[in-house]
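Peer 1: Input: one structure, supplied below.
The values are calculated or read from the model by the stated rules, or taken from the named source; none is laboratory data. It should be emphasised that the depicted structure is a prediction, and the values quoted were computed from it without experimental measurement. As a convention, Cβ positions derive from the backbone with ideal geometry for all residues, glycine included, and neighbour counts pool all protein chains shown. Surface areas here come from the heavy atoms of the whole protein model, side chains and all, with no ligands, DNA or RNA. Shrake-Rupley method; radii C 1.70, N 1.55, O 1.52, S 1.80 Å.
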Amino acid sequence: MTEVVRLTLVSHAMTDAMAAARFPADEPLNDVGRRQAAAAIGIDLDRAARQLAGPEQRAQQTAKLLGLRAAAEPRLADLEYGQWCGEELSDVESEALQSWQTDPAQAPPGGESIVTLIDRVAGWLDSLTSNTLPTVAVTHPAVIRAAILFALDAPPKSFWRLDIAPVSRTVMHFRGQAWTLRLP
């Protein structure tokens with residue numbers, strides 16, 4: 001019988017940057033986000049699992065509000081937006097923004113490309129396959145998108161076609177030689 005690795009990814013709750021269509025910085029949850037996380041306390045999470053979270057405030061706060069004692073995992077950090085960090089989308093030159101959104105190899109100035117993010121997340125996912133302990137990880141929509149694309153062997157250009165809601169849960173399993181996505 002093949003061992004199965006279970007991974008539950010939870011997207012962090014709402015922040016002011018999300019509400020304002022602004023590139024995130026290391027900001028805390030806003031009032032809406034705190035209410036979202038409090039309302040989600042009952043979601044099905046394996047409390048005995050290894051508990052991880054991205055190092056940013058918004059991921060750490062969401063994990064804590066969900067009742068997790070999550071260790072910070074640097075590979076679960078949000079996509080690095082470089083010089084765009086904290087900027088509203090409307091303040092970024094439209095040609096540069098469009099290039100970044102249509103070419104997954106492009107990165108914001110001083111930031112990280114979608115391709116690089118997917119590679120980082122793929123390395124983290126690979127590190128989980130040698131241990132059958134279930135994992136719960138609170139992270140960012142971009143990281144969850146990258147994990148899904150890697151699991152499905154989907155092209156990086158599909159990144160923006162996935163919508164990850166605040167405090168949503170994505171369950172994946174590693175069985176044999178492949179990750180699978182479990183839909184509710």
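Peer 1: Please name all residue pairs, on different chains or six or more residues apart, with Cβ atoms under 9 Å, provided the first residue is in region 19-40 and is touching a residue at least 60 places away in the same chain (Cβ under 8 Å) and the second residue is of a type in the set (Lys, Arg) and assigned to a helix (DSSP H, G or I).
Peer 2: Filtered contacts from region 19-40: Pro24/Arg58; Gly33/Arg58; Ala37/Lys64.
Peer 1: If Gln57 meets every condition in (1) of a type outside the set (Gly, Ala, Ser); (2) at pLDDT 95 or above; (3) in contact with a helix residue (DSSP H, G or I) (Cβ under 9 Å, 6 or more places away or on another chain) apart from one, which number is that one?
Peer 2: It is condition (3) that Gln57 fails.
Peer 1: Strands (runs of 3 or more DSSP E) wholly in region 73-184 with at least 1 residues that are within 29 Å of Ala37 (Cα to Cα) and open to solvent by 70 Å² or more (accessible area, probe 1.4 Å) - which ones?
Peer 2: Output list reads 169-175, 178-182.
Peer 1: Name the residues in region 2-22 that are outside any helix (DSSP H, G or I), open to solvent by 10 Å² or more (accessible area, probe 1.4 Å) and on the phi < 0 side of the Ramachandran plot, would you?
Peer 2: As a first pass, look at region 2-22 and keep what is outside any helix (DSSP H, G or I): 2-15, 20-22.
Imposing the further condition that a residue be open to solvent by 10 Å² or more (accessible area, probe 1.4 Å) reduces the set to 2-4, 6, 14, 20-22.
Correct list: Thr2, Glu3, Val4, Arg6, Met14, Ala20, Arg22.
Peer 1: Is it true that Ala48 is over 18 Å from the mean Cα position of the chain (by Cα) and open to solvent by 80 Å² or more (accessible area, probe 1.4 Å)?
Peer 2: Values: over 18 Å from the mean Cα position of the chain (by Cα): yes; open to solvent by 80 Å² or more (accessible area, probe 1.4 Å): yes.
Yes, satisfied.
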